[in-house]
Structures are given as structure tokens and as C-alpha cells.
Amino acid sequence: MDIDLNADVGEGCGNDDAILDCVSSISIACGWHAGDTDTMRRVLRAARERGVSVGAHPGYPDREHFGRRNLDLPPDTVYNGVLFQIGGLMALARTEGLHLNHVKPHGALYNQAAKDRALATAIATAVRDADPGLKLVGLAGSELVAAARSAGLTAVEEVFADRAYLADGSLAPRGIPGAVIEDADAALAQTLQMIRTSTVTALDGTSIPIHAQTVCLHGDGADAVAFAQLLRQALISEGLTVRAP
């Protein structure tokens, strides 16, 4: 069985190179919620050297809140912004001899699109119009995954190693106690449960179905690199092949 291990990078956390040594794919911040063109190109080069698959990580134009604040933008505005961000990274990737493999929205844009079909459709349409060969990464079982398939794209269903879930399958908002799983053993146990059993235990104890094609780990935690190393080794020990979709 193959599983992708991905991380969001180029966001100014300072440990991109170490994270790149552990993952099979990365989503690179496109400058709106974090990052800049110099960082984008540096990360592209580092990924090329390691053979790591690359994708775009577009977000809301809200650097002050790291793209984690919900915005009420018209679908046309979201379409334009996502298309613009993909295009910028795509041009930089081309100069490095790379081709983008996927697009994964960031933060609030990702979470809102998981429930809002109009927003999800705007994102999926932008991805298709940028390059119909791009895969679209979305929260497992979400509207974004459904919109990707409706647009004729390959959808990649994502689960989170270090985030708790609600009973409806959505990620627990960061303001809720326990929403971020800080204990490495607990995060590892949740990840293996999702892969082995296609279920996850929500915060209220409910067991819910989930389809894990790619596992996200966040690179901004204090122990992010150590956890990335632990998670990769655990996946390999389970007999899984860590490989980009």
C-alpha cells in the first residue's frame, strides 16, 4: 500500500530543509498568506534535489492572520486569487525544471471549502483552468473533494496526523481544547488508525469513516522535525511505501 506524507512549507518556519528530508510531497506557500518569491524558488530547488513532489499552497490574502481567518469573498474573487497564485509558482517551477503535481488550499480557505460547495467549485475550476493534470488535495470526504471530481480532476483525500476531528468529519477548530494533538504518540496512533481501519475517533468519542490517501504533518510545531522523522519511520515499519500520489 502506498501513502503520501506531505507538509506545508515556505511559510517562514525555518525548518523546511529538514522537513523535506522526511516527506514525499510538499505544498509551497504562494505569497498571499505567507512566503515570497525568493522562498518559493529556494524550496523548489531543495525539493528537486531530494526528488520530492511539489504543489501549490494558495491561501487568502491575509498575512496578518496567516490565512487562518475566515473571509467572505465571492467565488469569482477566490477563483482569480487561486489561479493567480498557482500561475506564479508554476512559472518559478518551470525555471527549475519542475512540474507542479497538485494544489492544496491553505488554512481558512481549505476549511471553508470543505463545507461550502460554491467556494470549493471556484477552487476546483481555477485548478482545472491552470492545468487539468493537477491533482486537488482536500479534506477527506469534503465538498472540496467532491468538487474536484465534478471538475474532472484527480482528488487526493487528506487526513491530519496532528489535528483532532469533529463528529461530522471536519477538523476541530483551533480554539477548541484538544484541537491540536501535541503528544507525538497520540498523533502517531491516530495516523495509523486512519490508515489501518479507515476510521478516526472524533473528540466526542464517535468513530467516523475516513479515507486516507495523504497524511499532512504541520511544520510549524516546536517538535515538527522529530515528529516527521518518527512518522515516516512508523509508516515504513507498517509496510507502507511513502510515495507521492
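Taking the charge dipole of the chain about its Cα centre, with +1 at Lys and Arg Cβ atoms and -1 at Asp and Glu Cβ atoms, the residue from 61, 84, 231 reaching farthest to the positive side is 84. The accessible-area ordering, largest first, of the residues 33, 218, 99 stands as 99, 218, 33, per a 1.4 angstrom probe. Quick one: net charge around residue 182, please, counting Lys, Arg +1 and Asp, Glu -1 for every other residue with C-beta under 9 Å from its C-beta. Charge balance near residue 182 sits at -3. The modelled label-to-label distance between residue 99 and residue 71, using points 7 Å beyond Cα along the C-beta direction, is 3.1 nm.
Provide the FRET efficiency to the nearest 0.05 for the residue 48-residue 166 pair, computing r from the beta carbons and using R0 = 41 Å. The calculated FRET efficiency here is 0.60. Give the residues of the range 163-184 whose amide nitrogen is closer than 18 Å to a point set 7 Å from the Cα of residue 203 in the direction of its Cβ. Within reach of a label on residue 203, which here means backbone N under 18 Å from a point 7 Å along Cα→Cβ, the range 163-184 contributes 163-183.
Accessible area per residue was computed with a 1.4 Å probe on protein heavy atoms; residue 238 scores about 80 Å². In this simple spin-label model, placing a label point 7 Å from the Cα along the Cα-to-Cβ direction at both residue 37 and residue 236 gives a separation of 3.8 nm.
When all protein chains stay in place and ligands, DNA and RNA are ignored, the 1.4 Å accessible-area order of 159, 225, largest first, is 225, 159.
The solvent-accessible area of residue 198, taken with every protein chain present and a 1.4 Å probe, is close to 50 Å².
The values are calculated or read from the model by the stated rules, or taken from the named source; none is laboratory data. As the structure is a prediction and not an experimental result, all values here were calculated from the model. Glycine also receives a Cβ, built like all others from the backbone with ideal geometry; neighbour counts cover every protein chain displayed. We work out accessible area using only protein heavy atoms, side chains counted, and drop any ligands, DNA or RNA first. Shrake-Rupley method; radii C 1.70, N 1.55, O 1.52, S 1.80 Å.
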